[in-house]
Amino acid sequence: RLMTLVEKSKEFVERIRARHVRWGLTADSDLRVPGDLSTNQMRSTDNDGLWTAIYVAAECFRYRVTGQADARANAQLGMRAILRLEEITGIPGFPARSFIRKGIDIHPRDGEWHDTPDGQWRWKGYTSSDEIVGNYFAYPIYYDLVADENEKRLLAAALDRITNHILDNGYQLI
């Protein structure tokens with residue numbers, strides 16, 4: 001069917017918000033019953049940080065072009081999740097690939113998982129370079145198009161920690 005780009009964007013934003021936002025991360029989604037959207041179940045994957053970064057950038061651009069408050073709110077929620085990827089590990093400058101809430105989210109069987117000190121969350125380690133590239137992509141776009149002064153300080157500090165972690169560890173994520 002014919003539609004404007006604004007209408008198409010609205011449909012995609014609604015779909016993402018309804019079935020792909022888990023703790024602020026842009027997550028994969030499976031239908032337990034094929035074709036039945038009410039059986040949607042989000043799940044953690046290796047690329048939650050990367051997909052979130054791309055979604056944050058898209059919502060930043062949408063906010064800058066349209067001024068729509070929901071675009072800014074969506075970008076803020078995603079950026080908080082990206083920042084949390086680094087905070088949750090307890091290792092300054094080392095972002096997790098993903099995180100899950102124990103007892104609520106499905107625990108993936110793959111990967112290297114670590115509990116937070118409070119035992120409420122788990123985070124996925126062995127972060128890859130594509131996840132870091134996603135971070136480096138989203139941070140400046142959010143900084144320039146959406147962030148207020150306090151957020152700019154938080155972003156700069158996080159990016160400084162990530163960059164120094166990489167440099168201090170011989171260009172490796174440890």
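Looking at Arg64, is it within 19 Å of Asp148 (Cα to Cα), part of a helix (DSSP H, G or I) and of a type outside the set (Gly, Ala, Ser)? Yes: the conditions hold for Arg64. Among the residues of the stretch 124-140, those that are closer than 15 Å to Arg80 by Cβ and out of contact with any Leu (no Cβ under 7 Å at 6 or more places or on another chain) comprise Asn135, Ala138.
Does Ala71 satisfy being under 20 Å from Ile166 (Cα atoms), touching a Lys or Arg at 6+ places or on another chain (Cβ under 9 Å) and buried (at least 21 other Cβ atoms within 10 Å of the Cβ)? The answer is no for Ala71. Modelled with pLDDT under 95, farther than 21 Å from Arg15 by Cβ, part of a helix (DSSP H, G or I) and acidic (Asp, Glu): does that describe Asp110? For Asp110, the condition - modelled with pLDDT under 95, farther than 21 Å from Arg15 by Cβ, part of a helix (DSSP H, G or I) and acidic (Asp, Glu) - is not met.
Applying the set (1) modelled with pLDDT of 95 or more; (2) closer than 24 Å to Lys152 by Cα to Arg101 leaves exactly one unmet item: (2).
To keep it simple, each residue is scored yes or no on (1) part of a strand (DSSP E or B); (2) surrounded by 15 or more Cβ atoms within 10 Å (Cβ to Cβ); (3) out of contact with any Ser or Thr (no Cβ under 8 Å at 6 or more places or on another chain).
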| site | (1), (2), (3) |
| --- | --- |
| Phe94 | no, yes, no |
| Asp105 | no, yes, no |
| Ile141 | no, yes, yes |
| Asp144 | no, no, yes |
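Considering each residue of the stretch 22-32 in turn, none proves to be more than 19 Å from Trp123 (Cα to Cα), open to solvent by less than 50 Å² (accessible area, probe 1.4 Å), charged (D, E, K, R) and at pLDDT 95 or above. Within the stretch 102-135, the set of residues being under 15 Å from the mean Cα position of the chain (by Cα), closer than 19 Å to Val21 by Cα and of a type outside the set (Phe, Trp, Tyr) comprises Lys124, Glu131, Gly134, Asn135.
Within the stretch 41-62, the residues that satisfy the criterion of being open to solvent by 60 Å² or more (accessible area, probe 1.4 Å) and of a type outside the set (Val, Ile, Thr) are Arg43, Trp51, Phe61. Restricting attention to the stretch 1-19, and to residues there that are in contact (Cβ under 8 Å) with a residue 24 or more places away in the chain and not hydrophobic (A, V, I, L, M, F, W, C), which single residue is surrounded by the fewest Cβ atoms within 10 Å (Cβ to Cβ)? Ranking the candidates gives Arg17 first.
The values are calculated or read from the model by the stated rules, or taken from the named source; none is laboratory data. Just so it is clear, the model here is predicted, and its values are computed rather than measured. Positions of Cβ are generated from backbone atoms using ideal geometry, with glycine treated the same way; all protein chains shown enter the neighbour counts. Ligands, DNA and RNA are excluded from the accessible area calculation, which covers all protein heavy atoms including side chains. Shrake-Rupley method; radii C 1.70, N 1.55, O 1.52, S 1.80 Å.
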